[in-house]
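The values are calculated or read from the model by the stated rules, or taken from the named source; none is laboratory data. Note that the coordinates shown come from a computational prediction; the quantities given were computed from them, not determined experimentally. Cβ coordinates were reconstructed from backbone atoms using ideal geometry, including for glycine residues, and neighbour counts include every protein chain displayed. Side chains included, ligands, DNA and RNA excluded: accessible areas come from the protein's heavy atoms. Shrake-Rupley method; radii C 1.70, N 1.55, O 1.52, S 1.80 Å.
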Amino acid sequence: MTMPFDAFSEVPDEALLIAFANGDRASAEALTLRLTPKVMGFAVRMLGDRAEAEDVAQEAMLRLWRIAADWRQGEAQVTTWLYRVTSNLCTDRLRKRRGVGLDTIAEPEDGRPGAAHGLLEQARASALEAALADLPDRQREAVVLRHLDELGNPEIAEIMDISVEAVESLTARGKRALARALAGRRAELGYDDD
């Protein structure tokens, strides 16, 4: 499969994975560039630690390359499989971390300039991150997948290995808990009702 790199944007994930399994390195590069940011973003939001999330994203992608030759077409979407692996890796790290106090976990670094808007966005992100960290693991996972990664409930149900109704329940409870946690900070975060 020799084609211009931008032509890969139209090729489905599964086709790229199969092409990689058949020796096409360009397909692997295209799939890596397409999927790594999604996996990384999900891991950062789950773990709240960019360095740890990078490790998780790298491990998830390595696992994808290892199973490429054995990929069974039509059984699952590549992204669904990858999100599930990432979810499991994040959950393992969160379980190991349970004995660690929140004050000992480093805040994610923000490389944006110190403009007022940047500071407000950072405060909003930090508030959301802190509120997400207080949610039970399954609620956090469902809320992140649905509202931050914008996946549909059926795909989330498959990733989490639960029913669509359970996804709806988890996301609804998670949203209510986030609203309660952030309600007192609306003005501080620039969400005043004008």
Residues that are at pLDDT below 90 and among the polar types (S, T, N, Q), drawn from the range 43-78: Gln73, Gln77
Filter result for the condition that a residue is part of a helix (DSSP H, G or I), exposed (fewer than 15 other Cβ atoms within 10 Å of the Cβ) and on the phi < 0 side of the Ramachandran plot, over Glu141, Glu158, Glu165: Glu165
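Quick check on this structure: which one of Gln77, Gln58, Gln73 is open to solvent by 60 Å² or more (accessible area, probe 1.4 Å), touching a helix residue (DSSP H, G or I) at 6+ places or on another chain (Cβ under 9 Å), free of Cβ contacts under 8 Å to residues at least 24 places away in the same chain and under 25 Å from Ile156 (Cβ atoms)?
Working: Gln77 fails: free of Cβ contacts under 8 Å to residues at least 24 places away in the same chain; Gln73 fails: free of Cβ contacts under 8 Å to residues at least 24 places away in the same chain.
Result: Gln58 is the single residue among Gln77, Gln58, Gln73 that is open to solvent by 60 Å² or more (accessible area, probe 1.4 Å), touching a helix residue (DSSP H, G or I) at 6+ places or on another chain (Cβ under 9 Å), free of Cβ contacts under 8 Å to residues at least 24 places away in the same chain and under 25 Å from Ile156 (Cβ atoms).
Please verify whether Ala115 is at pLDDT below 90, open to solvent by less than 30 Å² (accessible area, probe 1.4 Å) and farther than 19 Å from Pro37 by Cβ, treating the condition exactly as stated. Full working, then the answer.
Working: at pLDDT below 90: yes; open to solvent by less than 30 Å² (accessible area, probe 1.4 Å): no; farther than 19 Å from Pro37 by Cβ: yes.
In short, no.
In this structure, does Lys96 turn out to be in a helix (DSSP H, G or I), among the charged types (D, E, K, R) and closer than 21 Å to Ile159 by Cα?
Criteria not met by Lys96.
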Any chance Arg98 is buried (at least 16 other Cβ atoms within 10 Å of the Cβ), modelled with pLDDT under 85 and out of contact with any helix residue (DSSP H, G or I) (no Cβ under 7 Å at 6 or more places or on another chain): no
Qualifying residue in the range 10-26 (condition: modelled with pLDDT under 85, surrounded by fewer than 16 Cβ atoms within 10 Å (Cβ to Cβ), in a helix (DSSP H, G or I) and not small (Gly, Ala, Ser)): yes
Residues (assigned to a helix (DSSP H, G or I) and among the acidic types (Asp, Glu)) located in the range 27-63: Glu29, Glu52, Glu54, Asp55, Glu59
Total residues in the range 145-172, condition within 12 Å of the chain's Cα centre (by Cα) and in contact (Cβ under 8 Å) with a residue 24 or more places away in the chain: 7
